[in-house]
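Only one structure is covered here, and it is reproduced in the block below.
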Amino acid sequence: MLYHLDFRVDDPPGFSPQDLFAIWAAEADASLDDPPTGIVINSWRCIGKRRILAVVEAPSAGYLEQILRNLPVIQIHHRSVQISVTPITSEIYQQTA
């Protein structure tokens, strides 16, 4: 199943922007190098915002939730991160006559 993820990160208390960007770099490394989290189809950083968009493929919502819970940014700043998850499909709705 495909999912659209929208990560929004508020300023974590006591962290500089450099600290936050270091954690995001760790996220990128984890998504590219670690096979269990290698479910990312593509991701984008929104310029000028603390927001990441991604499309991922996961066998189930439970599997995706487990992966999200283990992300470094969630482990460190769980209260500062909001994630919107939307199941998506490439199938186009065809109305039958």
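Here are a few things to note about the model shown:
- For the stretch 30-37, the count of residues that are under 14 Å from the mean Cα position of the chain (by Cα) and either modelled with pLDDT of 90 or more or within 14 Å of Asp6 (Cα to Cα) (or both) is zero.
- For the stretch 1-23, filtered to residues that are touching a helix residue (DSSP H, G or I) at 6+ places or on another chain (Cβ under 7 Å) and surrounded by 13 or more Cβ atoms within 10 Å (Cβ to Cβ), the residue that is modelled with the lowest pLDDT is Pro12.
- Cβ-Cβ under 9 Å pairs, at least 6 apart or on other chains, the stretch 1-26 side closer than 20 Å to Asn42 by Cβ, far side open to solvent by 80 Å² or more (accessible area, probe 1.4 Å) and in a loop (DSSP other than H, G, I, E, B): Met1/Pro59; Met1/Thr89; Leu2/Thr89; Leu2/Ser90; Arg8/Lys49
- Selection count, the stretch 42-81, where residues are at pLDDT 85 or above and crowded, with 17+ Cβ neighbours inside 10 Å: 8
- Considering the conditions (1) surrounded by 10 or more Cβ atoms within 10 Å (Cβ to Cβ); (2) among the hydrophobic types (A, V, I, L, M, F, W, C); (3) at pLDDT 75 or above, Ile92 is excluded by exactly one of them, (1).
- Every pair of residues 6+ apart whose Cβ atoms lie under 9 Å, when the first sits in the stretch 63-88 and is free of Cβ contacts under 8 Å to residues at least 60 places away in the same chain and in a helix (DSSP H, G or I) while the second is surrounded by 13 or more Cβ atoms within 10 Å (Cβ to Cβ) and among the hydroxyl-bearing types (Ser, Thr, Tyr): Ile67/Thr37
The values are calculated or read from the model by the stated rules, or taken from the named source; none is laboratory data. Keep in mind that this is a model prediction, so the values were computed, not measured. Every residue, glycine as well, gets a Cβ built from its backbone with ideal geometry; the counts of neighbours run over all protein chains shown. Protein only, heavy atoms only, side chains kept; ligands, DNA and RNA dropped before computing areas. Shrake-Rupley method; radii C 1.70, N 1.55, O 1.52, S 1.80 Å.
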